[in-house]
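Participant: Please find one structure pasted underneath; my questions will follow.
The values are calculated or read from the model by the stated rules, or taken from the named source; none is laboratory data. Just so it is clear, the model here is predicted, and its values are computed rather than measured. Every residue, glycine as well, gets a Cβ built from its backbone with ideal geometry; the counts of neighbours run over all protein chains shown. Remember, those area values only see protein heavy atoms, side chains included, never the ligands or the DNA or RNA. Shrake-Rupley method; radii C 1.70, N 1.55, O 1.52, S 1.80 Å.
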Amino acid sequence: MEFRASHILVKDKSTADMLYERVKKGESFSSLASQYSQCPSKSKGGDLGWFKEGQMVKSFEDAVRRMSIGSVSRPVHSQFGYHIIKKTGAR
């Protein structure tokens, strides 16, 4: 199984919670990723492209697996910080 997702990565939970609320209110996920994410993927609006099982950290992959395409996760913690994830594909 392969997945495609975008994310916004920040260091603290309060920033992640604020960004999650902004996305849920209709702000552009990619614009917020470009502005706030601390991941190099911010230059692509947070798009991580396609990835196979086992390529991402467990907490991130577990969240993506449970999500439906087009949905946005509440903040997910990993050793890198807090991710707000938007699942954009599965195959």
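Participant: For THR88, what is the net charge nearby, where nearby means another residue's Cβ is under 10 Å from its Cβ and Lys, Arg count +1, Asp, Glu -1?
Facilitator: Combined, the nearby Lys, Arg, Asp and Glu give +2.
Participant: Per-residue ellipticity at 222 nm for the chain, helices alone: DSSP H runs ≥ 4 residues times -39500 (n - 2.57), over residue total, nearest 500 deg cm²/dmol?
Facilitator: About -9000 deg cm²/dmol.
Participant: For the range 30-35, what does the Karplus curve 6.51 cos²θ - 1.76 cosθ + 1.60, with θ = phi - 60°, yield as ³J(HN,Hα) per residue in whole Hz, taken in order and with x for Gly and Pro?
Facilitator: Result, rounded to whole Hz: 5, 5, 5, 4, 4, 7.
Participant: Could you please report the charge total around SER31, scoring K, R as +1 and D, E as -1 over all other residues with beta-carbon less than 11 angstrom from its beta-carbon?
Facilitator: +1
Participant: Taking H placed 1.01 Å from N in the peptide plane, check which residues at least 5 places from CYS39 or on another chain put their amide H under 5 Å from its amide H.
Facilitator: Result for CYS39 returns LEU9.
Participant: Oh, and also: Working from Cα positions, state the angle (0 to 90°, nearest 10) between the long axis of helix 13-24 and the longest principal axis of the chain.
Facilitator: For 13-24 against the chain, the angle is about 80 degrees.
Participant: By a straight-distance test (C-alpha under 16 Å), which aspartates and glutamates pair with LYS87 as possible cross-link partners, with residues fewer than eight away in the same chain excluded?
Facilitator: GLU2, ASP47, GLU53, GLU61, ASP62
Participant: Rg and Dmax of the chain, using alpha carbons, in Å: what are they?
Facilitator: 11.7, 33
Participant: Quick one: pull the percent of accessible area on the chain belonging to carbon and sulfur, 1.4 Å probe, ligands and nucleic acids left out.
Facilitator: Result for the chain: 50 percent of the exposed heavy-atom area is carbon or sulfur.
Participant: Sticking with this one: Using a Cα-Cα cut-off of under 18 Å, which lysines could be cross-linked to LYS13, ignoring same-chain neighbours fewer than 8 residues away?
Facilitator: Once the sequence-local lysines are set aside, what remains near LYS13 is LYS24, LYS86.
Participant: Let me ask you something else. Any idea of the accessible area per residue across the chain, 1.4 Å probe, to the nearest Å²?
Facilitator: Value for the chain: 55 Å² per residue.
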